[in-house]
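Beneath this line is the structure, given in C-alpha cells, with notes to follow.
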Amino acid sequence: VLTAANVIGALKIAVLVATCLLLASLTALLRGNIKLHGRINFVFFVATLTALLALEVAARLIQPDLFHEYFQQPGAEAALAMHLGFSLPAALLLPFMLYTGLKHKRRAHLALAAAFGIFWTGTVVTGVFFLP
Ligand code: HEM
C-alpha cells in the first residue's frame, strides 16, 4: 500500500542498491574496464531517475497529502531539508556525469565525479540514517 513509511522504506533500500551499483562501477574502473564502468552507470542513471520520477508521481499526483503527517514527526522536516541539500545537487549532476562520460570529456567528468561523490555520500547518509 502507498503509505509514507512504505515509500520511504523502499527508497532507502533503492539508495543502498544504487550505491552497490556505483561501487561496482568504480571497481570496474579501477580494474581498467571503462566500458563496464559506463554500462553499469548507464543502469545507475536510468534506475535513479526512474525512482525519483516514481516518487514525484506518487507524492504529488497520486496522493499529494502522502507525506503530510509523516513530516509532522519531530525533526523530520529538518532531516528532509538536509537530505535535499545533498540529493538535489546529486540528481542535477547525473545528466552531466553521463554526458561527459559518454563524450570522453575526461577532465570535466573527473571534476564532476569529485562533487558527485560528496553529494551522493551525503544523500546516502542523510537519507538512510537521518530520515525517520
Ligand atoms: C563517481 C565517480 C566516477 C568516477 C571517478 C568516474 C571516472 C571515469 C573515468 C576515469 C572514465 C574514463 C574517461 C575517459 O578516459 O574517457 C569514465 C568513463 C565513463 N563514465 Fe564515469 N566516473 C564516475 C561516475 C560516473 C557516473 C555517475 C556516470 C553516469 C551517470 C558515469 C558514466 C561514465 C560513462 C558513460 C563513461 C564512458 C564509458 C565508455 O567509454 O564506454 N561515470 N568515468
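The values are calculated or read from the model by the stated rules, or taken from the named source; none is laboratory data. All values derive from a computational prediction rather than experimental measurement. Neighbour counts run over all protein chains shown; Cβ positions are idealised from the backbone, glycine included. The accessibility values were calculated without ligands, DNA or RNA, using every heavy atom of the protein model including side chains. Shrake-Rupley method; radii C 1.70, N 1.55, O 1.52, S 1.80 Å.
Descriptive notes on the structure:
- Per-region count, region 27-42, residues open to solvent by less than 40 Å² (accessible area, probe 1.4 Å) and near the ligand (Cβ under 6 Å from one of its atoms): 3
- Any chance Ala115 is open to solvent by less than 40 Å² (accessible area, probe 1.4 Å), within 19 Å of Asn6 (Cβ to Cβ) and part of a helix (DSSP H, G or I): no
- Failed item, numbered, when Gly101 is tested on (1) under 17 Å from the mean Cα position of the chain (by Cα); (2) in contact (Cβ under 8 Å) with a residue 40 or more places away in the chain; (3) farther than 20 Å from Val17 by Cβ: (1)
- Residues that are of a type in the set (Val, Ile, Thr), under 15 Å from Pro95 (Cβ atoms) and loosely packed, with under 15 Cβ neighbours inside 10 Å within region 44-62 comprise Val46, Thr50, listed in sequence order.
- Test: Thr123 is crowded, with 17+ Cβ neighbours inside 10 Å and in contact with a Phe, Trp or Tyr (Cβ under 7 Å, 6 or more places away or on another chain): yes
So that you can scan it fast, the table gives a plain yes or no per residue for (1) aromatic (Phe, Trp, Tyr); (2) modelled with pLDDT of 95 or more; (3) open to solvent by 40 Å² or more (accessible area, probe 1.4 Å):
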position: Ile8; (1), (2), (3): no, yes, no
position: Ile13; (1), (2), (3): no, yes, yes
position: Pro64; (1), (2), (3): no, no, yes
position: Arg107; (1), (2), (3): no, yes, yes
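- Among the residues of region 70-94, the ones that are touching a helix residue (DSSP H, G or I) at 6+ places or on another chain (Cβ under 8 Å) and not polar (S, T, N, Q) come to 15 in all.
- Check on Phe130, within 9 Å of the ligand (Cβ to nearest atom), closer than 25 Å to Leu2 by Cα and touching a residue at least 40 places away in the same chain (Cβ under 8 Å): no
- Applying the criterion of being among the aromatic types (Phe, Trp, Tyr) and away from the ligand (no atom under 16 Å from the Cβ) to the residues of region 68-105, the residue that is surrounded by the most Cβ atoms within 10 Å (Cβ to Cβ) is Tyr70.
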